[in-house]
Amino acid sequence: MNRTYRSLSTACVHGGEALDPTTRSIPTPIYQSAVYAFSSMKDVMAYNLGVEDGTEGYMYSRPMSPTQRALERKIAALESGEDALALSSGMAAITTAIMTLAKQGDELISTDMVYGGTYSFLKNKLPELGVKTHFVDTRNIEAASELVSERTKVLFIETPTNPDLRIANIQRAVEIAKKHHLTLMVDNTFATPVNQVPIELGAEVVLISTTKYYGGHNDLIGGAIVGPRSFIVSARKTLKIFGGTVDPFAAYLTLRGIKTMALRVERHNSNALRVAQYLEQHPKVKRVYYPGLKSHPQHELAKRQMKGFGGVVCFELESEKKAVEFVEGLKIIIHGLSLGGVESLISMPVYSSHYYLTPQELERVGLNNRMVRLSVGIEGVEDLIADIEGALERL
Ligand SMILES: *Cc1c(COP(=O)(O)O)cnc(C)c1O
């Protein structure tokens, strides 16, 4: 599409950035400024009237600042979007994107296994504002067609899902959205553009928690919206009201992280596949969920829409007690939330990402207390497998 480079690795390094115009600094500097001088009264009036499209000139850093803008250009290049908006967190990106479109009386359709914060927003917060969300099985996106009414505005999907790596068919979602004139939004956090580029498959808007693979070092919180320029201009107006602005330092860290994202994600992919294959043949492991395994029920679909299968592996041990002992018995892999960083992290979804669900809801969505979610880092895979082997032996 609008990619300037043949390889995503090149876009990670060079995309969206130019030499600093005043100093020729190669890395984009941290512009630690809140306010910029007007050049004329005409500028002031343009600002007052809100006619600026949000891409020309800097005045006040809530809607836009220079380090943020460089990050936005880079993310747009990577996700094949016309433009992007960088924000303070993945949740700021998701809520800002939805609040840009949803009005009282509107309806949304979402896949059922979305990120916990997204689920709370759709299920609990939006109804207070008169916006209703219907949920559809991630693996059966066709069923969304039956939920469409004249009030439906948005089709929201997340793929692969947290924690058990279900796949939503992006192509099908595009067809449904086109047929019913819905805006298709895809949370691409788990896959990253290294593995999947939803806009190239026809999605309109992509949402990202840059906290995860984009930043990649477990040292920042950030998010982004990618889409058509007109949508990004509107979303920036929403950001101006809600104020989920990315700090210049976090924007800088994200830019720095992105330069190695293609390399890192390739290593996450290969390490995770090796770990998943190892776990699958181990007698103490009951079940492994990883879209790169032939045993994954949607492996063929995953192969069609993804170039690699990502760094998250989910698996089940014999009992809750064994799962707890396993997590606590690891020496290199760290017991912690989040994913997508260079360090391997492990957690039990029922006690972390999905703690908000009741036992009945867990059962209904197919999660249980024997499951562990491993975000495979970029360490040497021999060390990770030895760590897992040791903890399994001690069970
Ligand atoms: C982490 C995450 C989010 C939320 O991002 P924050 O940066 O924590 O606000 C949204 N979607 C997915 C898939 C995530 O993993």
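The values are calculated or read from the model by the stated rules, or taken from the named source; none is laboratory data. Every value quoted in this text rests on a predicted model; they were computed, and no experiment measured them. A quick note on method: Cβ atoms are made from the backbone with ideal geometry, for glycine too, and the neighbour counts reach across all protein chains shown. Remember, those area values only see protein heavy atoms, side chains included, never the ligands or the DNA or RNA. Shrake-Rupley method; radii C 1.70, N 1.55, O 1.52, S 1.80 Å.
Here are the numbers for the structure shown:
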quantity	calculated
Rg/Rg_ref, the range 172-231, where Rg_ref = 2.2 N^0.38 Å and atoms are Cα	1.22
Base-10 log of normalised Debye intensity for the range 69-145 (one unit scatterer per alpha-carbon) at q = 0.12, 0.23 Å⁻¹	-0.43, -1.07
Whole-number accessible area per residue in Å² for the range 262-393, which is evaluated in the context of all protein chains at 1.4 Å	46
Computed label-point distance, nm, for sites GLU200 and GLU363 using a 7 Å Cα→Cβ extension	4.4
Cα centre as origin, Lys/Arg/Asp/Glu Cβ charges: the range 48-195 dipole, Debye	160
SER149-LYS237 pseudo-label distance in nm [points 7 Å out on the Cα-to-Cβ vector]	2.7
Normalised alpha carbon radius of gyration of the range 1-128 [divisor 2.2 N^0.38 Å]	1.30
Cleavage-rule hits (GluC sites (Glu not before Pro)) in the range 337-395: DSSP loop, at most 16 neighbouring Cβ within 10 angstrom	GLU343, GLU379
Sites matching GluC sites (Glu not before Pro) across the range 1-102 that sit in DSSP coil, with at most 12 neighbouring C-beta atoms within 10 Å	GLU56
Reciprocal mean inverse distance between Cα atoms of the range 51-110 - Kirkwood radius, Å	13.3
LEU184 long-range amide H proximity, modeled H, under 5 Å	LEU155, GLU204, VAL205
Cα shape, the range 166-290, gyration tensor, a/c 1.5 rule	oblate
Prolate/oblate/rounded call for the range 277-348, Cα gyration tensor, a/c under 1.5 rounded	oblate
The range 8-258 - charge dipole about Cα centre, Lys and Arg +1 at Cβ, Asp and Glu -1, debye rounded to 20	320
Sites LYS284 and ARG172, calculated FRET efficiency, Cβ-Cβ separation with R0 56 Å, nearest 0.05	0.90
Using distinct alpha-carbon pairs, which all enter the 1/r mean, Kirkwood radius of the chain in Å	21.7
Where the range 8-258 is the region considered: accessible area per residue in Å², 1.4 Å probe	40
Solvent-accessible area of MET91 with every protein chain in place, 1.4 Å probe, in Å² to the nearest 10	50
Rounded to 10°, Cα long-axis angle of helix 381-393 versus longest principal axis of the chain	40
Virtual spin-label span in nm between LEU337 and TYR356, 7 Å along Cα→Cβ	1.1
Sequence ranges 24-32, 97-105, 150-158, 318-326, ranked by mean other-Cβ count within 10 angstrom, highest first	150-158, 97-105, 318-326, 24-32
Rounded Å value of the spacing that divides the Cα centres of the range 117-135 and the range 141-194	16
Lysines whose Cα lies under 20 Å from that of LYS286, excluding same-chain neighbours fewer than 8 positions away	LYS294, LYS321, LYS322
Cα-based Kirkwood hydrodynamic radius, the range 262-393, one decimal, Å	15.0
Nearest-ten-degree value, helix 170-180 long axis tilted from longest Cα axis of the chain	50
Using alpha-carbon coordinates, inclination of helix 261-280 to the longest axis of the chain, degrees	20
